[in-house]
Structures are given as structure tokens and as C-alpha cells.
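Notes follow the structure.
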Amino acid sequence: MAKLLDERLIILDADISSSEDAARLMGARLEELGYVEAGYADMVIEREKTFPTGLPGKTMAIALPHTNPTLVNKPAIGVIVPRDSVKYKMMGGPETALDVELIMPLIIKDPNNQLSLLKAMMGVIQDGELLERIRNSRDKQEILDCLQVIEDAVQE
């Protein structure tokens, strides 16, 4: 499987105020770098309305926005650290809004790899100290190092 982590997909101190802003910001970056085709961000926004991706993490809420692979050229994991928390509806409980402090878009090309990716992500979500390190870091390489565990788990 291709490498999932790319420093160019880490956006720090993002000036966004909604899940739509986050999808458009990452969608534009992904499109510019050839990871996805035009229209990807719109698909993420539409999916988020029906299947929200906010999750209460150990020390902070995070979101894992994603959509079907129709417009995906190559898989990746993005990281958006918003300047201020962003409201996302909770996965499995859309009546609950979460103040998300870390957004990790999952760009999934092969649905067969989705389960191993989500399992690896759950390990990160449950590690409060790791989430804090990612959220507070201003060093993209440090964030990549923190997420290497996901890359390793999915490569197996």
C-alpha cells in the first residue's frame, strides 16, 4: 500500500469555523497535490450531513471526515489543527455536537483497507497524550512521527 502520510497534508493553525471549511481547505490541498479529483470536498461535505464523523477522544474531540473512493487517486491521511475548535456532529449520535480540536481526513482509495485504517486510528484516538502532542505541535515532522504508528499498522 502507498505511503499515507505526507507533510504537505498537515495544516497547522487553520483559520476555519465549520466542518465545511475544513473539507474545502483539505479538498483544495488534496486536489492540488493530485490525491483527489475535483468534487471530492463536496462529496465529503454531503457525507458528513448523513454520516457525521466527530468522535469524543480521550482528551479532546476529533473528526475523521471521509467519503467513498470514487474521486480518490491515491490514499492519504491529512491533519488539520484548527485555530479554534470546530463543531462536528458525533458519529452514531448526530444530535450531539462536539467541539473538535483535531481533524484527520481519511482519504481512502481501497475500501478493503478501511477497516485496518480505522482500527489504527482508534488506537490514536484513545491515546490522549498523543492527541495532545499532535494538537500542540508546531512541527510537521513531529506530527508525522506521532502518526507513524498508523502507517505501520496499515502496511502490515
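A short reminder: the numbers here are calculations on the coordinates, not readings from a lab. If you're wondering where the values come from, they're calculated on a predicted model, not measured in any experiment. Neighbour counts run over all protein chains shown; Cβ positions are idealised from the backbone, glycine included.
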**Prompt:** Among the residues of region 75-83, is there at least one that is over 13 Å from the mean Cα position of the chain (by Cα) and surrounded by 15 or more Cβ atoms within 10 Å (Cβ to Cβ)?
**Reply:** no
**Item:** Flag if Glu142 is surrounded by fewer than 20 Cβ atoms within 10 Å (Cβ to Cβ) and not in a strand (DSSP E or B)
**Value:** yes
**Item:** Counted residues, region 119-155 - those being in contact (Cβ under 8 Å) with a residue 40 or more places away in the chain and closer than 22 Å to Ile108 by Cα
**Value:** 14
**Request:** Quickly run through region 84-110 and pick out the residues that are acidic (Asp, Glu) and under 11 Å from the mean Cα position of the chain (by Cα).
**Result:** none
**Prompt:** When region 82-125 is examined, which residues are found to be under 16 Å from Ser19 (Cα atoms) and among the polar types (S, T, N, Q)?
**Reply:** Ser85, Thr96
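Pick from Ile16, Ile45: which is surrounded by 17 or more Cβ atoms within 10 Å (Cβ to Cβ), touching a helix residue (DSSP H, G or I) at 6+ places or on another chain (Cβ under 8 Å) and within 23 Å of Asn113 (Cα to Cα)?
Numbers: Ile16 fails: within 23 Å of Asn113 (Cα to Cα).
Of the residues listed, the single one that is surrounded by 17 or more Cβ atoms within 10 Å (Cβ to Cβ), touching a helix residue (DSSP H, G or I) at 6+ places or on another chain (Cβ under 8 Å) and within 23 Å of Asn113 (Cα to Cα) is Ile45.
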**Asked** Say we look at region 66-100 and pick out the residues that are in contact with a Pro (Cβ under 7 Å, 6 or more places away or on another chain) and not aliphatic (A, V, I, L, M); which of these is nearest to Arg135 (Cα to Cα)?
**Response** Gly78
**Item:** Unmet criterion (only one of (1) in contact (Cβ under 8 Å) with a residue 60 or more places away in the chain; (2) out of contact with any Ser or Thr (no Cβ under 9 Å at 6 or more places or on another chain)) for Leu71
**Value:** (1)
